[in-house]
Amino acid sequence: MNQHVAIASGKGGTGKTTIAANLAFLWARLGRQVLYVDCDVEAPNGHIFLHPKIEQRLPATTTVPQIAKDLCGLCGRCGSFCHYNALLCLPDQVLTFPELCHGCGGCIRLCPHQAISEVPREIGRIEMGTAGSVNFASGLLNIGEAMSPPLIRSLKNSLIESDLTIIDAPPGTSCPVIESIRHCDYTLLVTEPTPFGLNDLQLAVEMLRALDQPFGVVINRAGLDDRPLLDYCLKEQLPILAQLPDDRRVAEAYSRGELVCSVLTDFQQLFAALLAAVDMVLQQKKANLTTGRAS
Amino acid sequence: MKIAITAQEPSLDSLIDPRFGRAPWLMIYDPTDNSWHSIDNSKGLNAAHGAGIQAAQKVVDQQVTAIITGAIGPKAYRSLKAANVQIFHGAKGSVAQALEAYQTGDLAEADEDDATGGI
């Protein structure tokens, strides 16, 4: 059964990629078929730690409207419908702004003259390969592109089936994150014990609750000033799956592009415990689904 | 020919807003009967992308033929040019002062290279 685990965080720089890459490495070493997917398409960095061999490069496209001038009745419906201002209806023509189009296709359906068709537009590329026994996939948005969700969607659609898929999400709580973590079985929210870490964790928790998806917290750089963060988790009854201590050796390994687990045995144990905790949640979910089906 | 002026408040004494797409108000002047009315542009103020296009749509819908503002973005420039709306930039002071500067010929018409450099 294909299960998806997302690694997300409200705040950037908390250690999402560190945790995602190490979990992928450890799970694969346990014999699981693992696919690591870097959905942080504006600044992907999973390859720095996993050192994948890229075997396939594909262009990623989204669809944008094209207007047939001879059919257009200049009624203005497409422009007034488009929430993203991708269409401008002038008295004698309709201008399109493809870079603002979210590809919803609404204008095409609305047009009473069938004057609008969909054409593909390249917005970035998708890379696939292997990093040891980990399958690797990553997206890279073209410079100057304003929107990453269509590329993330395209990336997720082109994935091969795997036993376990690890989604390395972009930071924040906006559309690219939601596109990355939607339909995931479980999300790990990575945070750090700083005022910014706590504030952005609160936003991320609100997001996951709005999506009604199960999640747990991983505290990275634990030991700084943990009290406010722990108090918050306690008050909100959030499961803390791991606390990874603040350690200079981790930063050193990171700066060399090394996986923490492959160089520090004490951290390997911490990550193994985190992996076991996530596995337990996934097993439970699987069991619930099975009993749900049986009844 | 109606004229639109970007403004911070819906009044003639208000300071002009140096932005086009993200100006909170558009003041529309009709020289045929010397009348004014205001359009709320707060939706553009908060738009993530395409504020200039949205404001251009409003201006075109009002049959405006010239706008007065501080500076203008590339998409708004393209939109207004396609709609044959004249763009006068570099306006300062109140809405009334900006209109006066336009009428005395003190405002330059924007071209593609300096459209964003008016302020």
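The values are calculated or read from the model by the stated rules, or taken from the named source; none is laboratory data. Quick caveat, the model's predicted, so the values are computed rather than measured. So basically every Cβ, Gly included, is an ideal-geometry build from the backbone, and we count neighbours across all protein chains shown. Ligands, DNA and RNA are excluded from the accessible area calculation, which covers all protein heavy atoms including side chains. Shrake-Rupley method; radii C 1.70, N 1.55, O 1.52, S 1.80 Å.
Here are the numbers for the structure shown:
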| item | result |
| --- | --- |
| Buried area at the B-A interface (accessible, heavy atoms, 1.4 Å probe, summed, Å²) | 1200 |
| Cα Rg over Rh - the protein assembly as shown, Kirkwood | 1.09 |
| Cysteines having no other Cys beta carbon under 4.7 Å from their own, within the protein assembly as shown | A:C39, A:C72, A:C75, A:C82, A:C89, A:C101, A:C104, A:C111, A:C175, A:C184, A:C233, A:C261 |
| Assigned charges on the beta-carbon of Lys, Arg, Asp, Glu; the range A:61-121 dipole about Cα centre (debye) | 120 |
| Top positive-direction residue, dipole computed over the protein assembly as shown with Cβ charges, set A:P195, A:Q213, A:P228 | A:Q213 |
| Value in Å of the Kirkwood radius, where the range A:92-141 supplies the Cα pairs that are averaged | 14.3 |
| Whole-Å semi-axes of the range A:61-121's equivalent ellipsoid (Cα gyration tensor) | 17, 12, 10 |
| Fraction of antiparallel bridges per DSSP, the protein assembly as shown only, in percent to nearest 5 | 55 |
| Between the range B:28-86 and the range A:101-171, the Cα center-to-center distance that results, in Å | 34 |
| Convex hull (Cα only) mean projected area of the range A:176-290, reported in nm² to one decimal | 8.2 |
| Quarter of the Cα convex hull surface for the range A:1-144, i.e. its orientation-mean projected area (nm²) | 11.5 |
| Rounded to 5, percent antiparallel among DSSP beta bridges of the range B:2-104 | 65 |
| Probe 1.4 Å - accessible area at A:C104, Å² to nearest ten | 100 |
| Relative contact order [Cα under 8 Å, 6+ residues apart], chain B, whole percent | 28 |
| Per-residue average of Cβ from other chains inside 10 Å of A:85-97 | 6 |
| The range B:47-119: GluC sites (Glu not before Pro) falling in loop per DSSP and having at most 14 other Cβ within 10 Å | B:E112 |
| Dipole moment magnitude, nearest 20 debye, the protein assembly as shown about Cα centre, only Lys, Arg, Asp, Glu C-beta charged | 1180 |
| Selection from B:G21, B:S35, B:T104, by position along the positive dipole direction of the range B:2-104 (Cβ) | B:G21 |
| Between the range A:246-274 and the range A:39-58, the alpha-carbon center distance in angstrom | 20 |
| Value of relative contact order over the range A:174-285, rounded to a whole percent, pairs C-alpha under 8 Å and six or more apart | 22 |
| Taking the range A:61-121 and dividing mean pair separation by its residue count, relative contact order in percent (alpha carbons under 8 Å, at least six apart) | 50 |
| Shielding by partners, peptide B:39-49 (average Cβ within 10 angstrom, other chains) | 2 |
| Under 12 Å from the Cα of B:K2 - aspartates and glutamates, other chains or at least 8 residues apart | B:D30, B:D33, B:D61 |
| Two-decimal log10 I(q)/I(0) for the range A:134-232, as the Debye equation yields it once each C-alpha is a single scatterer, q = 0.13, 0.16 Å⁻¹ | -0.55, -0.79 |
| Viscosity 0.692 mPa s, temperature 37 °C, Stokes-Einstein D of the range B:2-104 from Kirkwood C-alpha radius, µm²/s | 253 |
| Of A:K156/B:K58; A:K235/A:K285; A:K11/B:K58; A:K69/B:K92; A:K69/A:K156; A:K156/B:K43, those spanning more than 28 Å from alpha-carbon to alpha-carbon | A:K156/B:K58; A:K11/B:K58; A:K69/B:K92; A:K69/A:K156; A:K156/B:K43 |
| Chain A: DSSP helices with Cα axial extent of at least 18 Å and average Kyte-Doolittle hydropathy no lower than 0.0 | A:16-29, A:195-211, A:265-294 |
